[in-house]
1. Determine which residues of segment 116-153 fall in the zone a paramagnetic label at Ile37 would reach in this model, i.e. backbone nitrogen under 20 Å from the point 7 Å along Cα→Cβ.
2. Taking K and R as +1 and D and E as -1, what net charge do the other residues with C-beta under 14 Å from the C-beta of Phe162 add up to?
3. Within segment 61-104, report the GluC sites (Glu not before Pro) that DSSP leaves as loop and that have at most 13 other Cβ atoms within 10 Å.
4. Please compute the Kirkwood hydrodynamic radius over the chain, one decimal place, Å, based on all pairs of different Cα atoms.
5. Lysine pairs, Cα distance under 23 Å, 8 or more residues apart or cross-chain: how many in the chain?
6. Might you report the magnitude of the Cβ-based charge dipole of the chain about its Cα centre, with Lys and Arg at +1 and Asp and Glu at -1, to the nearest 20 debye?
7. What distance in nm separates the two pseudo spin-label positions at Arg108 and Trp158, each 7 Å out from Cα along the beta-carbon direction?
8. Starting from the Cα-Cα distance between Tyr53 and Lys75, subtract it from 0.36 nm times their residue separation and give me the gain in nm to one decimal.
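The values are calculated or read from the model by the stated rules, or taken from the named source; none is laboratory data. Being a predicted model, the structure only gives us computed values, none of them experimental. All Cβ positions, even for glycine, are placed from backbone atoms using ideal geometry, and neighbour counts span all protein chains on display. Each accessible area value is taken on the protein alone, full model and side chains, heavy atoms only, with ligands, DNA and RNA left out. Shrake-Rupley method; radii C 1.70, N 1.55, O 1.52, S 1.80 Å.
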Amino acid sequence: MKTPERTRKKPGSRVREKLVETAADLFYRRGIENVGINEVIERSGVARMSLYYHFASKDDLISAVLDHAAEIRLKALEESAEKGTDPRSRLLEIFRSLKGIVENEGFRGCAFINAATERADPSDPIHEQVARYKSALRGIFARLAREAGVPQPDLLAWQLLFLWDGALTEAYVQQRADLVDAAISAAETLVCSSRSSSGSGR
(Lines give C-alpha, C1' and ligand atoms only; values in the text may rest on other atoms or scores of the structure.)
Protein backbone atom coordinates (compact mmCIF):
# COMPACT_ATOMS: atom_id res chain seq x y z
CA MET A 1 0.00 0.00 0.00
CA LYS A 2 1.33 3.42 -0.89
CA THR A 3 2.28 5.56 2.10
CA PRO A 4 0.14 8.73 2.34
CA GLU A 5 2.14 11.85 1.53
CA ARG A 6 1.47 13.40 4.92
CA THR A 7 2.99 10.45 6.82
CA ARG A 8 5.94 9.62 4.55
CA LYS A 9 9.22 10.20 6.36
CA LYS A 10 11.83 12.46 4.83
CA PRO A 11 15.40 11.09 4.62
CA GLY A 12 17.08 11.45 7.99
CA SER A 13 13.85 12.20 9.83
CA ARG A 14 14.24 9.12 12.04
CA VAL A 15 17.65 10.40 13.16
CA ARG A 16 16.06 13.74 14.04
CA GLU A 17 13.26 12.00 15.94
CA LYS A 18 15.80 9.93 17.91
CA LEU A 19 17.72 13.04 18.88
CA VAL A 20 14.54 14.83 19.97
CA GLU A 21 13.27 11.84 21.96
CA THR A 22 16.63 11.34 23.68
CA ALA A 23 16.98 15.02 24.51
CA ALA A 24 13.38 15.20 25.74
CA ASP A 25 14.01 12.39 28.22
CA LEU A 26 17.28 13.87 29.45
CA PHE A 27 15.98 17.45 29.70
CA TYR A 28 12.91 16.33 31.62
CA ARG A 29 14.75 14.11 34.09
CA ARG A 30 17.79 16.31 34.66
CA GLY A 31 16.90 19.83 33.52
CA ILE A 32 17.83 21.46 30.23
CA GLU A 33 20.77 23.39 31.69
CA ASN A 34 22.26 20.23 33.24
CA VAL A 35 22.44 18.31 29.98
CA GLY A 36 25.04 19.03 27.35
CA ILE A 37 25.10 18.27 23.64
CA ASN A 38 27.77 15.61 24.17
CA GLU A 39 25.48 13.62 26.45
CA VAL A 40 22.62 13.78 23.94
CA ILE A 41 24.97 12.52 21.23
CA GLU A 42 26.29 9.71 23.42
CA ARG A 43 22.85 8.55 24.63
CA SER A 44 21.27 8.71 21.18
CA GLY A 45 24.14 6.98 19.41
CA VAL A 46 23.98 9.60 16.67
CA ALA A 47 27.06 11.17 15.12
CA ARG A 48 27.89 14.74 16.10
CA MET A 49 27.70 15.88 12.49
CA SER A 50 24.22 14.41 12.23
CA LEU A 51 23.07 16.39 15.24
CA TYR A 52 24.38 19.64 13.84
CA TYR A 53 22.88 18.79 10.45
CA HIS A 54 19.43 18.83 12.07
CA PHE A 55 19.97 21.43 14.81
CA ALA A 56 22.08 24.56 14.56
CA SER A 57 22.48 24.85 18.35
CA LYS A 58 21.36 23.46 21.68
CA ASP A 59 18.61 26.07 21.80
CA ASP A 60 17.39 24.81 18.43
CA LEU A 61 17.23 21.30 19.90
CA ILE A 62 15.42 22.54 23.02
CA SER A 63 12.86 24.28 20.82
CA ALA A 64 12.28 21.05 18.87
CA VAL A 65 11.86 19.12 22.12
CA LEU A 66 9.23 21.56 23.36
CA ASP A 67 7.40 21.43 20.02
CA HIS A 68 7.41 17.64 20.25
CA ALA A 69 6.17 17.66 23.85
CA ALA A 70 3.44 20.21 23.10
CA GLU A 71 2.17 18.21 20.12
CA ILE A 72 1.99 15.02 22.17
CA ARG A 73 0.38 16.64 25.23
CA LEU A 74 -2.25 18.65 23.35
CA LYS A 75 -3.20 15.63 21.23
CA ALA A 76 -3.51 13.50 24.37
CA LEU A 77 -5.75 16.09 26.02
CA GLU A 78 -7.99 16.32 22.98
CA GLU A 79 -8.28 12.51 23.01
CA SER A 80 -9.14 12.58 26.72
CA ALA A 81 -11.80 15.21 26.06
CA GLU A 82 -13.42 12.97 23.46
CA LYS A 83 -14.39 10.56 26.23
CA GLY A 84 -16.98 13.10 27.39
CA THR A 85 -20.48 13.25 25.98
CA ASP A 86 -20.89 17.04 26.09
CA PRO A 87 -18.58 20.09 26.46
CA ARG A 88 -18.73 20.17 30.26
CA SER A 89 -17.97 16.49 30.65
CA ARG A 90 -15.17 16.86 28.11
CA LEU A 91 -13.58 19.55 30.26
CA LEU A 92 -13.73 17.23 33.26
CA GLU A 93 -12.28 14.32 31.29
CA ILE A 94 -9.23 16.47 30.58
CA PHE A 95 -8.74 17.03 34.30
CA ARG A 96 -9.24 13.36 35.08
CA SER A 97 -6.32 12.64 32.76
CA LEU A 98 -4.09 14.33 35.37
CA LYS A 99 -4.10 11.06 37.31
CA GLY A 100 -2.32 9.24 34.54
CA ILE A 101 0.21 12.04 34.12
CA VAL A 102 1.31 12.28 37.76
CA GLU A 103 1.26 8.52 38.30
CA ASN A 104 3.60 7.98 35.39
CA GLU A 105 7.00 6.63 36.41
CA GLY A 106 9.59 9.40 36.33
CA PHE A 107 7.03 12.22 36.73
CA ARG A 108 8.91 15.45 37.40
CA GLY A 109 6.25 18.11 37.18
CA CYS A 110 5.30 20.10 34.10
CA ALA A 111 8.07 20.02 31.49
CA PHE A 112 6.98 23.43 30.20
CA ILE A 113 7.00 25.13 33.61
CA ASN A 114 10.40 23.56 34.24
CA ALA A 115 11.74 24.98 30.98
CA ALA A 116 10.28 28.44 31.64
CA THR A 117 11.84 28.45 35.11
CA GLU A 118 15.25 27.59 33.71
CA ARG A 119 14.87 30.28 31.05
CA ALA A 120 13.37 32.92 33.31
CA ASP A 121 13.91 35.90 30.98
CA PRO A 122 10.49 36.52 29.35
CA SER A 123 12.27 37.60 26.15
CA ASP A 124 14.06 34.27 25.83
CA PRO A 125 12.62 32.38 22.80
CA ILE A 126 12.28 29.23 24.93
CA HIS A 127 10.26 31.13 27.52
CA GLU A 128 8.06 32.54 24.77
CA GLN A 129 7.57 29.05 23.34
CA VAL A 130 6.35 27.79 26.72
CA ALA A 131 3.92 30.71 26.90
CA ARG A 132 2.52 29.71 23.50
CA TYR A 133 1.93 26.17 24.70
CA LYS A 134 0.12 27.43 27.79
CA SER A 135 -2.02 29.67 25.56
CA ALA A 136 -2.89 26.66 23.42
CA LEU A 137 -3.88 24.67 26.51
CA ARG A 138 -5.99 27.56 27.78
CA GLY A 139 -7.51 27.78 24.31
CA ILE A 140 -8.79 24.22 24.59
CA PHE A 141 -10.42 25.05 27.93
CA ALA A 142 -11.94 28.26 26.52
CA ARG A 143 -13.30 26.52 23.41
CA LEU A 144 -15.03 23.84 25.40
CA ALA A 145 -16.35 26.44 27.85
CA ARG A 146 -17.85 28.42 24.95
CA GLU A 147 -19.38 25.27 23.52
CA ALA A 148 -20.92 24.62 26.94
CA GLY A 149 -22.50 28.07 26.91
CA VAL A 150 -20.53 29.35 29.90
CA PRO A 151 -21.13 33.13 30.26
CA GLN A 152 -17.44 33.92 30.87
CA PRO A 153 -15.51 31.21 29.02
CA ASP A 154 -12.18 33.04 29.09
CA LEU A 155 -12.37 33.51 32.85
CA LEU A 156 -13.16 29.82 33.37
CA ALA A 157 -10.29 28.89 31.05
CA TRP A 158 -7.84 30.90 33.16
CA GLN A 159 -9.18 29.34 36.36
CA LEU A 160 -8.80 25.85 34.93
CA LEU A 161 -5.28 26.60 33.73
CA PHE A 162 -4.32 27.74 37.25
CA LEU A 163 -5.74 24.51 38.64
CA TRP A 164 -3.92 22.44 36.04
CA ASP A 165 -0.52 24.00 36.66
CA GLY A 166 -0.97 24.00 40.42
CA ALA A 167 -1.88 20.32 40.45
CA LEU A 168 1.16 19.31 38.42
CA THR A 169 3.48 21.45 40.53
CA GLU A 170 2.24 20.38 43.95
CA ALA A 171 1.98 16.71 43.02
CA TYR A 172 5.68 16.80 42.16
CA VAL A 173 6.88 19.04 45.00
CA GLN A 174 4.99 17.04 47.62
CA GLN A 175 5.62 13.73 45.83
CA ARG A 176 1.94 12.88 46.22
CA ALA A 177 -0.03 11.81 43.17
CA ASP A 178 -3.25 11.84 45.20
CA LEU A 179 -3.13 15.64 45.42
CA VAL A 180 -4.51 15.91 41.89
CA ASP A 181 -7.80 14.64 43.29
CA ALA A 182 -8.29 18.06 44.88
CA ALA A 183 -7.72 19.76 41.53
CA ILE A 184 -10.16 17.41 39.80
CA SER A 185 -12.76 18.11 42.48
CA ALA A 186 -12.20 21.86 42.17
CA ALA A 187 -12.55 21.63 38.38
CA GLU A 188 -15.84 19.77 38.79
CA THR A 189 -17.09 22.52 41.11
CA LEU A 190 -16.08 25.27 38.70
CA VAL A 191 -17.44 23.60 35.59
CA CYS A 192 -20.66 22.30 37.10
CA SER A 193 -21.47 25.58 38.86
CA SER A 194 -21.01 27.60 35.66
CA ARG A 195 -24.40 28.68 34.46
CA SER A 196 -25.23 29.17 30.83
CA SER A 197 -27.19 32.30 30.07
CA SER A 198 -29.04 30.32 27.43
CA GLY A 199 -29.45 27.21 29.55
CA SER A 200 -27.40 25.05 27.17
CA GLY A 201 -24.67 22.67 28.32
CA ARG A 202 -26.58 21.65 31.49
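1. 119, 125-127
2. Values: positive: Lys134, Arg138; negative: Asp154, Asp165, Glu170.
Taking every Cβ under 14 Å from that of Phe162, the sum is -1.
3. Working: sites: Glu71, Glu78, Glu79, Glu82, Glu93, Glu103; in loops: Glu82, Glu103.
Those that pass, being in a loop and sparsely packed, are Glu82, Glu103.
4. Numbers: mean 1/r = 0.0538 Å⁻¹.
Every distinct Cα pair counted, the radius reaches 18.6 Å.
5. 15
6. Roughly 680 debye for the chain.
7. About 3.2 nm separates the two model spin labels.
8. Working: separation 22, 0.36 × 22 = 7.92 nm, distance 2.84 nm.
Answer, rounded to one decimal: 5.1 nm.
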